[in-house]
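**Student:** One structure is given below, represented as structure tokens, and several questions about it will come after.
The values are calculated or read from the model by the stated rules, or taken from the named source; none is laboratory data. Nothing here was measured: the structure is a model prediction, and the numbers come from that model. Backbone-built Cβ (ideal geometry, glycine too); neighbour counts: all protein chains shown. In case anyone asks, the SASA skips ligands and DNA or RNA and just uses the protein heavy atoms, side chains included. Shrake-Rupley method; radii C 1.70, N 1.55, O 1.52, S 1.80 Å.
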Amino acid sequence: MSTRRRTKGGAVAAAAVLLAVGALAACSADRQDAGADARAAGSAAPLPPPPIGAVPVLAADVANRALPIDPYLLNRDQRGQLEAAVRMVTEHCMAGFGFGYHVPAGIDTGFTPATRTANRYLVSDPAFAAQYGYHAKAQPPVPPRADPPTGAMAVALSGSTDPGVKPGSQGAPGGQDINGRTVPRGGCVGEALDRTGASAQNGNGGDDRLARDLDAQAWEASKTDGRVLAAFRSWSDCMKAQGYTYGTPIEANADPQWAAGAVASAQERATATADARCKVQANVVGVWFTVESAYESVLIEQHAEALAAVKQDIDKRMRMAAQAVAS
């Protein structure tokens, strides 16, 4: 739960399949590392503080709350269905060329939040903090990777003999003859992406670019909203009374000393536990969630027509994934 948190030839092709699957498995719920989305949001015009209604008292139970932008972003089940379809189509396509290829397993198999709000407001569960600090749950060992495909297998997978060309892209034209069959554009990766509705707008198989940008814009706006900052001050006072000097929960979460070890130290666990308890005392999560939801609602209203198309695209992609698996 912290902020810390190619190769040549055939390895490029294998990495591209992982990229396609990984784009689906990415946890957009975890805004601690907003990356390019946050930078794009930072360049957007500032939003005036929107009105809010009653503020619920929330902490770890915020994981059960939905944000207004959620219908326009892939949820965990949708990502899983798309990932399964990409894998199945890729492997079936490769079998058609005579290759027994299996898409490498994804890296994150142990700590994918069930909802986008589960970790969004940083550590908020004292019990979790006491065990893991600001670290995520321990990951299971990553299974050993098989050697990446080479030669004809790599060409069938990627659609190109150029190791610098991204499989599935327009630069990987396919057309090669392998074992009496013609390689599709982008290779078997490209076929899998095409059959599951991947596009540049949805990040080559992930979340829609507009929805991601609006999600990040609301997050960035919420962090500097006066009502959230007031909750941060109450939290900071609570932390100070326990011997910790942080101005905001974000500063505590990003303290460089937590990056020193793979697991949380006793000091980190104690700090995170105090952090979570002070969040409860100041109702930081309730305020933050309510304010961010209000910003999202404003942005959704401003982009209603475009977001309706995003929702239609998600529905279409889910139908395509189901058809790909069934065929």
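Yes or no, residue by residue, for (1) of a type in the set (Asp, Glu); (2) more than 26 Å from the chain's Cα centre (by Cα); (3) open to solvent by less than 20 Å² (accessible area, probe 1.4 Å):
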site: LYS166; (1), (2), (3): no, no, no
site: VAL189; (1), (2), (3): no, no, yes
site: THR196; (1), (2), (3): no, no, yes
site: ASN204; (1), (2), (3): no, no, no
site: ARG212; (1), (2), (3): no, no, no
site: ARG227; (1), (2), (3): no, yes, no
site: ALA230; (1), (2), (3): no, yes, no
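**Student:** Which number in (1) more than 30 Å from SER265 (Cβ to Cβ); (2) open to solvent by 20 Å² or more (accessible area, probe 1.4 Å); (3) modelled with pLDDT of 80 or more marks the one condition that ILE178 misses?
**Tutor:** The failed condition is (2).
**Student:** When you check THR161 against the structure, is it closer than 30 Å to PRO50 by Cα, more than 22 Å from the chain's Cα centre (by Cα) and open to solvent by 20 Å² or more (accessible area, probe 1.4 Å), yes or no?
**Tutor:** no
**Student:** Picking from VAL298, VAL325, which residue would you name as being under 23 Å from ASN64 (Cα atoms), open to solvent by 20 Å² or more (accessible area, probe 1.4 Å) and of a type outside the set (Phe, Trp, Tyr)?
**Tutor:** After ruling out the rest, the residue left standing is VAL298.
**Student:** Also, I was wondering about something else. Could you give me the residue pairs with C-beta distances under 9 Å whose first residue belongs to region 301-322 and is within 29 Å of MET88 (Cα to Cα), whose second residue is of a type in the set (Lys, Arg) wherever it lies, and which are 6+ apart or on separate chains?
**Tutor:** MET320/ARG195; ALA321/ARG195
**Student:** Among the residues of region 275-285, which ones are open to solvent by 20 Å² or more (accessible area, probe 1.4 Å) and either within 21 Å of the chain's Cα centre (by Cα) or charged (D, E, K, R) (or both)?
**Tutor:** Scanning region 275-285 gives a single hit, ARG277.
**Student:** Right, here's the next one. Restricted to region 232-247, and to residues that are open to solvent by 50 Å² or more (accessible area, probe 1.4 Å) and among the small types (Gly, Ala, Ser), which residue is nearest to the chain's Cα centre (by Cα)?
**Tutor:** SER234
**Student:** Given (1) under 26 Å from ALA66 (Cα atoms); (2) not aromatic (Phe, Trp, Tyr); (3) not in a helix (DSSP H, G or I), where does CYS278 come up short, assuming only one miss?
**Tutor:** Going through (1) under 26 Å from ALA66 (Cα atoms); (2) not aromatic (Phe, Trp, Tyr); (3) not in a helix (DSSP H, G or I) one by one, CYS278 breaks only (3).
**Student:** Within region 286-295, is even one residue under 24 Å from the mean Cα position of the chain (by Cα) and open to solvent by 50 Å² or more (accessible area, probe 1.4 Å)?
**Tutor:** Scanning region 286-295, I find no residue that is under 24 Å from the mean Cα position of the chain (by Cα) and open to solvent by 50 Å² or more (accessible area, probe 1.4 Å), so the answer is no.
**Student:** Counting just the residues of region 248-274 that are open to solvent by 50 Å² or more (accessible area, probe 1.4 Å) and part of a loop (DSSP other than H, G, I, E, B), which one comes out farthest from HIS135 (Cα to Cα)?
**Tutor:** By that ranking, first place goes to SER265.
**Student:** What's the total number of residues in region 92-106 that are assigned to a helix (DSSP H, G or I) and surrounded by fewer than 18 Cβ atoms within 10 Å (Cβ to Cβ)?
**Tutor:** Residues meeting the conditions: 3.
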